[in-house]
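Worksheet: one structure, shown below.
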Amino acid sequence: MAGVVNRLKRAQGQLSGVLDMIEAGRDVESVLQQLKAVTRALDRAAYVALVTELTSTIPPEAGIATEDLERAERLFLTLR
C-alpha cells in the first residue's frame, strides 16, 4: 500500500495548494482546475488500493506471471 500512501500524500499537498490559492484570492478557474487535479489524484489512489488488494489475493499457484499482473494494473489504471 506504499503506492497508495504516496499518492494520498501528493493529493494532500495539492489540496493544501488549493487552499493557499483560495486564501490568496486566485481566480475561480485556476482553483477549479487544481481541484480537478486533486480529485483525479484521489481517484487514482483508490484505483491503486483496489488493484493492490485484488492482486494480493491471487495465489502464486495460479501461475500468473508478474509481468501480466503489472500489465493488467496499468490497463486498469488507464480507466481513470
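Suppose every Lys and Arg Cβ carries +1 and every Asp and Glu Cβ carries -1, with no other charges. What dipole size does the stretch 2-77 come out with about its Cα centre, to the nearest 20 debye? List each step's numbers first, then the result.
Numbers: 9 positive and 11 negative charges, 40 e Å.
I would put it at about 200 debye.
Determine the relative contact order of the stretch 2-77: mean sequence separation of Cα pairs under 8 Å and six or more apart, normalised by residue count, in whole percent. Intermediate values should be presented prior to the final figure.
Working: 36 pairs, mean separation 28.9, N = 76.
Result for the stretch 2-77 is 38 percent.
Would you mind checking the tilt of helix 2-23 against the longest principal axis of the Cα atoms of the chain, expressed as 0 to 90 degrees and rounded to 10?
Approximately 10 degrees, to the nearest ten.
Contour minus end-to-end for Ala65 and Leu79, with contour as 0.36 nm per residue of separation and end-to-end as the Cα-Cα distance? Please list the in-between numbers first.
Values: separation 14, 0.36 × 14 = 5.04 nm, distance 2.21 nm.
Taking Ala65 through Leu79 to full extension adds about 2.8 nm, to one decimal.
Estimate the FRET efficiency between Ile58 and Lys36 by the formula 1/(1 + (r/R0)^6), using the beta-carbon distance for r and 35 Å for R0, to the nearest 0.05. Write out the running numbers ahead of the final one.
Working: r = 33 Å, r/R0 = 0.96.
Here the calculated transfer efficiency is 0.55.
Using helices alone, I'd like the mean residue ellipticity at 222 nm for the chain: each DSSP H run of four-plus residues gives -39500 (n - 2.57), total over residue count, nearest 500.
Values: 3 runs with 63 residues, N = 80.
The helix-only estimate for the chain comes to -27500 deg cm²/dmol at 222 nm.
Roughly what would the spin-label model give for Glu23 and Arg10, points 7 Å off Cα along C-beta, in nm?
It is 2.5 nm.
What's the long-distance tail for the chain, i.e. % of Cα pairs beyond 20 Å? Walk me through the numbers before you get to the answer.
Values: 1440 of 3160 pairs.
Tail of the P(r) past 20 Å holds 46 percent of the pairs.
At 1.306 mPa s and 10 °C, plugging the Kirkwood radius over alpha-carbon pairs of the stretch 35-76 into Stokes-Einstein gives what diffusion coefficient in µm²/s? Walk me through the intermediate numbers first.
Numbers: Rh = 11.4 Å.
The estimated diffusion coefficient comes to 139 µm²/s.
Any read-out appearing in this document is the output of simple, stated calculations on the displayed coordinates, not a laboratory observation. Everything numeric in this text was worked out from a predicted model, so none of it was measured. As a convention, Cβ positions derive from the backbone with ideal geometry for all residues, glycine included, and neighbour counts pool all protein chains shown.
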